1. Listing Arg135, Arg340, Arg228 from the residue with the fewest other Cβ atoms within 10 Å to the one with the most, what is the order?
2. Quick check on the exposure proxy: order Leu270, Leu196 from fewest to most C-beta atoms within 10 angstrom.
3. Search the structure for amide H atoms under 5 Å from the amide H of Asn128, placed 1.01 Å from N in the peptide plane, and list their residues when 5 or more places away or on another chain.
4. Set the Förster radius R0 to 25 Å, insert the Cβ-Cβ distance between Thr305 and Ala254 as r into 1/(1 + (r/R0)^6), and round the FRET efficiency to 0.05.
5. Please give the length that would be gained between Met175 and Asp161 if that part of the chain were fully extended, namely 0.36 nm times their separation in residues minus their C-alpha to C-alpha distance (nm, one decimal).
6. Long-range amide H contacts for Val266: which residues qualify at under 5 Å (H placed 1.01 Å from N, peptide plane, sequence gap of 5 or more or a different chain)?
7. Based only on other Cβ atoms within 10 Å, what is the fewest-to-most ordering of Met175, Met195?
8. Between Asp289 and Thr184, what is 0.36 nm times their sequence separation minus the Cα-Cα distance? Round to one decimal in nm.
Amino acid sequence: MSRSHVLFVVVALALAGCGGSTDATTTSPPAVATTTPTTAGGQTTTAAPATTSTTTAPPSTTTTTTTTSTAAPAPGDTLADGRPATLVAITDDYLAVAVDTVTGEIVHEYGQTGTAAQVESAEEMPPNVLVSIWRVRDGAMVGISDCCEPAAGNIFYLPADGSLGPDPYANERVMGWTLSPSPTADTFAILGYSMLVDDPAVPDFGDPGLWVDDPSLGFPMGAAAWTRDGSELYWSTRIGEVTALATLDLAEGAPTHVTLMPWVGVHQSLDGIGSQANGNLVGFLHTFDGGSGVTETSGVVFSTTGEVLATFPVELGSTWGGYDPSGVFLLYVDGEGTVRWQGNGQSGEIADGFIFASW
């Protein structure tokens, strides 16, 4: 089962719980500037969503080797080019791990959920297995999401050196299916049937932060994007058969409709979204064959008022991972399970054998 299939299953289950519809004519995004990859010195380079200077990409690797956790850089460490020294990811056997950005080696294991039989059967349907993982800005805490019981999923919070242990569901958890780390504070925005802005380091699950109950703007889709100053959140939502962009001013605590985005057809989904250093929004636009099969994937840059500004090439079926705290470096997993990055005019591969990765 590919990552795009897992994405489709999660969205389909969520839509089923909220009466969503997927039947109508697909509308493709308008033609905009697209940069074609070129090859230089054996390293494939593409125009990344944010291009301000050039750096040399690290050697690519297509192997993943498990090492001891003592080899791991500190969670907040960065490389000379500004990328985080480690990333967090879910392997193709649904194990949550931390990975060295340069070598592609697994440097820490957080664990798995689900029985051995559930993990084995997840190729057909992913019940109670891990599907995504994120870290707060300083890397000290991670949030790990499973799918799909209950339908909104569970978010587990762990310290950077933590473990789910032999009984994962004994850990404290909140409901939701996707997290978005703030670029300015060590907090997450959680999207599920409601939105939650939460500090995972504060173990007060009776008073979990800012709730936005039952958003009036339709069903939230994908991840939320923080503005660069951390004052607002943007997310895509489905209103009937049309995708729209909504915003939440954290000072006011009330969602407001921004604009419809008819360039996202009803047989398409906008995976992500995230915010670049320049404030523009970015996501992956998937086109489906009327079922769960993905026929086309492209990166889309759009404004905070919903207009498409540019597209850029990404591999078919790529799964959104998001930007680092600086908003410069984009991380994702392609349709073949390889972790890839783009930024500062460079791109590269890190490791393979994964269904999800984020900084």
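Please treat every number below as a calculation from the coordinates, not as lab data. All figures in this text were calculated on a predicted structure; none of them were measured in a lab. Every residue, glycine as well, gets a Cβ built from its backbone with ideal geometry; the counts of neighbours run over all protein chains shown.
1. The fewest-first ordering by Cβ neighbours comes to Arg228, Arg340, Arg135.
2. Taking fewest neighbouring Cβ atoms as first place, the list is Leu196, Leu270.
3. Cys147, Cys148, Glu149
4. FRET efficiency, Thr305 to Ala254: 0.85.
5. My answer for the length gained is 2.8 nm.
6. For Val266, whose amide H was placed from the backbone, the distant partners under 5 Å are Thr27.
7. Met175, Met195
8. 33.9 nm is the gain from fully extending Asp289 to Thr184.
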